[in-house]
Structure formats: structure tokens, C-alpha cells
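Below is one structure, written out as C-alpha cells, with a few remarks after it.
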Amino acid sequence: MYTLFMTRDQIKKDLAEAVKKLGAEVGDVEVTRNDNPDFGDFSTNLALKISHGLSQSPMETAKILTDSLKNQSYVLKLEVKEPGFINFFLKPEVWQKQVADVLEQNQAYGSNKSGEGKKARVEFISANPTGPLHFGNARGGPIGDVLALILEFNGYEVLREYYHNDVGGQIEKLGESILNIQKGKKLEDQEYKGKYIEELAEKVGDVKSSQEAGKKAVELIFDEIKEDTRAMGIDFDEYYTESDLLKNGATQEVLEKVKRFLKEKDGAIWFAPSDEFLKDRETVVKKSDGSYTYFANDIAYHNIKFEGGADLVADVMGSNHHGHVPRLKAAISALGYDVSRFHVILYQWVRFKRGGKLVKMSKRSGTFVTAREVLDEIGPDALRFFILMHDANSPIDFDLDLASKKSRENPVYYVQYAHARIASIIDKATRLDSGQARMTGGGVDYELLTTNYELNLIRQIAKLPKLVDEISRSFAVHRLTAYAMELADSFHKFYENCPVISKDSDLQNARIDLVKSAKIALGNTLGLLGVSAPEKM
């Protein structure tokens, strides 16, 4: 199996050998893949690192190194750029061989085994239990789900989990609003508003107390949230409830584990570690009335995560929880776990646009836009793709008109159309086949793929393995949509300039295999995004 990684490793070895001949210390040789082919396929800053020890300028060292490597079989051209970078331009055959590699790996293309034997737990959405799933929480859904898919593609055993905070004063207040509606009081006078409160007032039936009303309502809302997340293409492996942590004594037990960091003040129990995360900031874990706080229960929940042997614990939550993060890190540290295994993705708010203007489209909730409203209008594919087009750290102005369009202006449609077009080409080629067995892999002459459109498409296809590996460490899942659009764009340009069906059967065979490799890369990318890959549109 031939891979681009082999070429990069060979460049590293050749550079290390050249440095040895100069009598310099080798150390770690860095060779990076360039996204812009104008700067070569690979680059290294090695000359900048070793030139001082050789009493030379970085440019002088770079020129000596390029002289040593210019005749290597993979080198088309070497270029030295200020202040001492070396750019490697690879021969076309290096790229041409990638086609066979992709076809050989098929659905596994882009994956790796970096997470093999490791466990990861990813918690996301975990919405407010007193109302329908609003779009602010829903944004965390695709982010968490795609992170889980990426980690699985890297070999991790992944647990997708949802934390349901079904206790606290908010539940009773919800029940009060419902009871008041049942008694004929006005909706606008209640603490919880929106049509959904009237719906709940009918569904909970005859209840005796606000506590009972709130409990029944939260159960109904939770079932609805589960339906909404499934409609978004998300299936959780585990649901944890805050009430269960209290019932089974998990909260009390975990506070015993961190007892040395607790102190009593004003009749309450405080978590008061003196460490890098909280810096003497104290947080109540048990109130003066004897009830436990949300934070105390969350300590117990995260203890469960780490106690289960997770190598990676990731929480995806709204940016309004930023103050909760240092508290959690302090608690995890106090429990004796490695905080470097804990990662938090904070995502920003979402606004909606229609006709180029910001709009309010809330109906059922009264105060916010529900995930179901958006799902019903644009469907799960557009919802997921448009959310994932943006870095979690950036707010979104969600363009509903664009997301609804069935045209190339719509990014998700543009990508899916590329996949459908590829499927159509392959189907047509199969139907036109004379019936003779067509050789693939080693029997096809990929050196016939010489145009810039063909080579650029291969270069795009070849980016997927590195991208998947990088996202598994950076959690920057939005990069996957950018890659999908770039790959689709490269394919469309190839299609418009390089006829696949040809009188030249050898060229046709090579291009068909290139198209098949593009389908594999694009299909795998859409699969990682949790977006459908249609065969027809």
C-alpha cells in the first residue's frame, strides 16, 4: 500500500541523513503538508533550526540541504524561501499512486488507529429540562456527534452521553406555571411562558402539587427532546439523570473523596481547593438546608466518567457555562484524575436570518427558537452542515433561506450534488462497459492522470487522513465541512474539464478510478458529518 505519509517519512529520513553529513545535530525533523500547492506539497523549517550550530545563515543551510535532496526520486522541484524554508514539489507519480491507495482502503480511507485500545466519553446537548430543545442547545448536537464519529474513525471506543438535570427549584417553578394554567390563569403572567406550557397543562392531567406537575412535565419534555435529537441523526448511548445520582448516593460518596478540600461556612459546605484552576475561589456543594447543588452532582457525574477508565472526556456546552469549566477542572484534579484528559468545547450563540434580515421565528416556546422548528423547515442535513460550517467559538447568523435552497448556492446541496454526480458517472460507465472485465488497481495506468484538474483533485482527496487525525486532537470539527466543500469544488472543476467517458479506454479507466476514489473520500467525509450521501438528486 502506497501512502503520502510514506513520502513524508522518506523526506524526513533523507533530511536527517543530509544533516548528519553536515555534522550537525539532527533532533526532530519537521515536515508539514502544505494546503496551498503554490508553496509546494511539503515544507520544512529544518535549516532555521540547525543553521546557528553550523555558523551559517538559514538560507545557506537550506541551499546545501536542497543540493543533497534534489535528485531524489520523488522530487520534481525544490525551492528555498526566506528566511530559510525549503518547499518540496513532488513528481506527479507520487500523487497518481494515491488513487490505488484510496481504492484499496475504501470505506476505511481517512481512518487511523491512533485511538485503538482507548476509551472516550463525549457529553453534549444536555439541555435545560424545563422546555423544548432550543436551538442554542441544539448547536452542541452536531458538534458533539461529529467529534464522536471522528474519534471512532481514529479507533476510539466512544460513549455518547446526555446529562439530564431533572432536579432543583426550576422543576417546581415549571409545575407552578402548569398548575396556574390549569386553574385558568393567564399564560403571560407565568414564570414559564409559551404555547408548550398550555400543552403540558393538558398532558400532565390531574395533579395535586406543583412538584408533581413539574416532575411529570419534565418527563414529557425529556421524551420530546429525545425525539428531536434522533431527528437530528443523534443516538445517545447513555442517559444520566441528576436525580439518580442523588438516589444512589453518588454525590454523597464523591464529596467524601474530596473531603480534604471542603470547608463549612455560613451553615453550608464549600468546595475550596487552592489550585491553579480556582485560585481560592470557593463554591457551595451543600446548602444550609441540606440539599446538594448542581455542581456537587456534576462532580459525582464526572467521577463516574473517569472511574469508568475513560482516556478522553469531552464536554460540549454553551459559552454561558464558561465559569463552570474551571470548577470542573478543579474537582477532577481533586479527585486525583489527569486533567489533561478532560476537554471542553464551548460554543457561541445562534441568530436567524431570512431575506438578509435577522428574524424571530419562535412560536411554541414564546421566548426562543426550538430545534424542531428549524428541523421542520430545512431538514437534518442542512441543520447539521450549517452548524458545522462554523467554528464553535464563533456566533452564527443562520441563513434559513440559503439552507432551504436546492441549488449550488447552498453549501450542503453543492457537496451532496457532487456525490450524486459521481455516482451517476460511475453508473453510466458501468452501463457502457462492453462486458469485459475492467482491471483496477495495479492494472490501470494512473500516469495518464496529468492535467492540473486531475492532480488537484487527487491532492484534495489525499488531505483527508491528515485532517481526521488533526481534528481528533484539536476538536475543530468545522474543518470537515470546509474540506467537503473544497473536495466538491475540485471534483466539479475536474468534471467540467476532463471527460470521463472517452474513446481512449486506458484514460477512461484511469479517470473512472479517480472518480471512484473521489466518491470514497467524499462519502466518508459526509459520513463523518452525519450528513446523507445521495446517489441521485
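The values are calculated or read from the model by the stated rules, or taken from the named source; none is laboratory data. Being a predicted model, the structure only gives us computed values, none of them experimental. Please note: Cβ atoms are built from the backbone with ideal geometry, for glycine as well, and neighbour counts cover all protein chains shown. Keep in mind that these areas ignore ligands, DNA and RNA; they rest on the heavy atoms of the full protein, side chains included. Shrake-Rupley method; radii C 1.70, N 1.55, O 1.52, S 1.80 Å.
Once the Cα atoms of helix 371-388 and of the chain are each reduced to a long axis, what angle between those two axes, in degrees from 0 to 90 to the nearest 10, is obtained?
Between helix and principal axis, roughly 40 degrees.
With a Förster radius of 35 Å, plug the Cβ-Cβ distance of Glu198 and Ser288 into 1/(1 + (r/R0)^6) and report the FRET value to the nearest 0.05. Can you show the working numbers first?
Working: r = 37 Å, r/R0 = 1.05.
E(calc), rounded to 0.05, equals 0.40.
Give me the percent relative contact order of the chain, please, defined on Cα pairs under 8 angstrom at least 6 residues apart. It would help to have the intermediate numbers written out before the result.
Working: 868 pairs, mean separation 85.0, N = 537.
In percent, rounded to a whole number, it is 16.
Of all accessible surface on the chain at a 1.4 Å probe, what whole percent is carbon and sulfur? Display every interim value, and only then the final one.
Details: 11650 of 25080 Å².
Taking all protein chains in place, the chain shows 46 percent carbon and sulfur surface.
When every alpha-carbon pair in the chain is counted, what percent end up more than 36 Å apart? If you can, show how the numbers build up before the last one.
Working: 69323 of 143916 pairs.
Roughly 48 percent, rounded to a whole number.
Per residue of region 302-311, in order, report the coupling 6.51 cos²θ - 1.76 cosθ + 1.60 (Karplus, θ = phi - 60°) as ³J(HN,Hα) in whole Hz, putting x for Gly and Pro.
Result, ordered by residue: 6, 5, 4, 4, 6, 4, x, x, 5, 7 Hz.
How big is the dipole moment of region 134-245 about its Cα centre under a simple scheme where the beta carbon of each Lys and Arg is +1, that of each Asp and Glu is -1, and everything else is neutral? Debye, nearest 20, please.
On the way: 14 positive and 25 negative charges, 112 e Å.
I would put it at about 540 debye.
What are the residues whose amide H is under 5 Å from the amide H of Arg121, where those residues sit 5 or more places off or on another chain and H is modelled from the backbone?
Leu159, Leu312, Val313, Ala314
Counting GluC sites (Glu not before Pro) as exposed when in a DSSP loop with at most 11 other beta carbons within 10 Å, what is the longest stretch of the chain free of them? Walk me through the numbers before you get to the answer.
Values: sites that count: Glu25, Glu116, Glu276, Glu409.
Result, exposed sites excluded: 117-275.
Tell me, what is the per residue accessible area of region 414-537 in Å², probe radius 1.4 Å? Show your work: numbers first, answer last.
On the way: 5400 Å² over 124 residues.
Dividing the accessible area of region 414-537 by its residue count gives 44 Å².
List, in order, the whole-Hz ³J(HN,Hα) value for each residue of region 112-123 obtained from phi through the Karplus relation with A = 6.51, B = -1.76, C = 1.60 and θ = phi - 60°; use x for Gly and Pro.
8, 10, 5, x, 4, x, 10, 10, 10, 10, 10, 9
Give the shape of region 382-530 as rounded, prolate or oblate, defined through the alpha-carbon gyration tensor: a ≥ b ≥ c are the square roots of its eigenvalues, a/c under 1.5 means rounded, and otherwise the shape is prolate if a/b is larger than b/c and oblate if not. Could you put the intermediate results ahead of the total?
Numbers: a/c = 2.61, a/b = 1.83, b/c = 1.43.
Because a/c hits 1.5 or more and a/b exceeds b/c, region 382-530 counts as prolate.
What length, rounded to one decimal in nm, is gained on full extension from Asn112 through to Ser474, with 0.36 nm per residue of separation minus their alpha-carbon distance? Each step should come with its number before you reach the end.
Numbers: separation 362, 0.36 × 362 = 130.32 nm, distance 1.57 nm.
Additional length available on full extension: 128.7 nm.
When the Karplus curve 6.51 cos²θ - 1.76 cosθ + 1.60 is applied with θ = phi - 60°, which whole-Hz ³J(HN,Hα) does each residue of region 523-534 get, with x for Gly and Pro?
For region 523-534, the Karplus curve yields x, 5, 5, 4, x, 5, 7, x, 10, 5, 10, x Hz.
Sequence gap at least 6, Cα distance under 8 Å: using those rules, report the relative contact order of region 6-81 to the nearest whole percent. Display every interim value, and only then the final one.
Numbers: 67 pairs, mean separation 18.2, N = 76.
Computed over region 6-81, the figure is 24 percent.
Holding the Cα-Cα limit at 28 Å, pick out from Lys353/Lys493; Lys360/Lys406; Lys215/Lys357 the pairs that are longer than that. Numbers along the way, then the final one.
Details: Lys353/Lys493 31 Å; Lys360/Lys406 24 Å; Lys215/Lys357 39 Å.
Pairs exceeding the cut-off: Lys353/Lys493; Lys215/Lys357.
Reachable aspartates and glutamates from Lys263, Cα under 18 Å, same-chain residues fewer than 8 places away excluded?
Glu253, Asp275, Asp280, Glu282, Asp289
For Lys13, go through the lysines and keep the ones whose alpha-carbon is under 24 Å away, minus same-chain ones fewer than eight residues off.
Lys21, Lys49, Lys63, Lys70, Lys77, Lys81, Lys91, Lys97, Lys113, Lys463, Lys466
Can you give me the distance in nm between label points at Lys21 and Ser505, each placed 7 Å from the Cα along the Cα-to-Cβ direction?
4.7 nm
Give the residue from Phe491, His134, Phe475 lying farthest towards the positive end of the charge dipole for the chain; charges sit on Cβ (+1 for Lys and Arg, -1 for Asp and Glu) and the dipole is referred to the Cα centre.
Phe491
Can you tell me the accessible area per residue over region 247-334, all protein chains present, probe 1.4 angstrom, in square angstrom? Working shown, then result.
Details: 4250 Å² over 88 residues.
It amounts to 48 Å² per residue over region 247-334.
Calculate for the chain the 222 nm mean residue ellipticity that helices alone would give, adding -39,500 (n - 2.57) per DSSP H run of length 4 or more and normalising by residue count, nearest 500 deg cm²/dmol.
Details: 21 runs with 262 residues, N = 537.
Value at 222 nm, helices only: -15500 deg cm²/dmol.
Within the chain, which is the longest segment containing none of the trypsin sites (Lys or Arg not before Pro) that sit in a DSSP loop and have at most 11 other Cβ atoms within 10 Å? Intermediate results must be reported in sequence, preceding the final value.
On the way: sites that count: Lys70, Lys113, Lys183, Lys186, Lys208, Lys279, Lys360, Lys406, Lys503, Lys536.
The longest uninterrupted stretch comes out as 407-502.
Whole number in Å², please: accessible area per residue of region 54-118, 1.4 Å probe, ligands, DNA and RNA not counted. Walk me through the numbers before you get to the answer.
Values: 3380 Å² over 65 residues.
That works out to 52 Å² per residue.
Pull out a ≥ b ≥ c, the square roots of the eigenvalues of the alpha-carbon gyration tensor of region 266-306, then state rounded if a/c is under 1.5, prolate if not and a/b is larger than b/c, and oblate in the remaining case.
Numbers: a/c = 3.37, a/b = 1.08, b/c = 3.10.
In terms of gyration-tensor shape, oblate.
Per residue and in cubic angstrom, what volume does the convex hull of the Cα atoms of region 209-248 have?
Details: hull volume 2.5 nm³, N = 40.
Value for region 209-248: 64 Å³ per residue.
Which residue, Gly249, Phe342, Gly308, has the largest displacement toward the positive end of the dipole of region 238-374 when charges sit on each Cβ (Lys, Arg +1; Asp, Glu -1)?
The residue sitting most towards the positive pole is Phe342.
Compute the signed sum of charges (Lys and Arg +1, Asp and Glu -1) over the other residues within less than 15 Å, Cβ to Cβ, of Asn106.
Values: positive: Lys516, Lys519; negative: Asp101, Glu104, Asp513.
Net charge around Asn106: -1.
Excluding residues on the same chain fewer than 8 positions from Lys183, give the lysines whose Cα lies under 18 Å from its Cα.
Once the sequence-local lysines are set aside, what remains near Lys183 is Lys173, Lys193, Lys195, Lys203, Lys208, Lys216.
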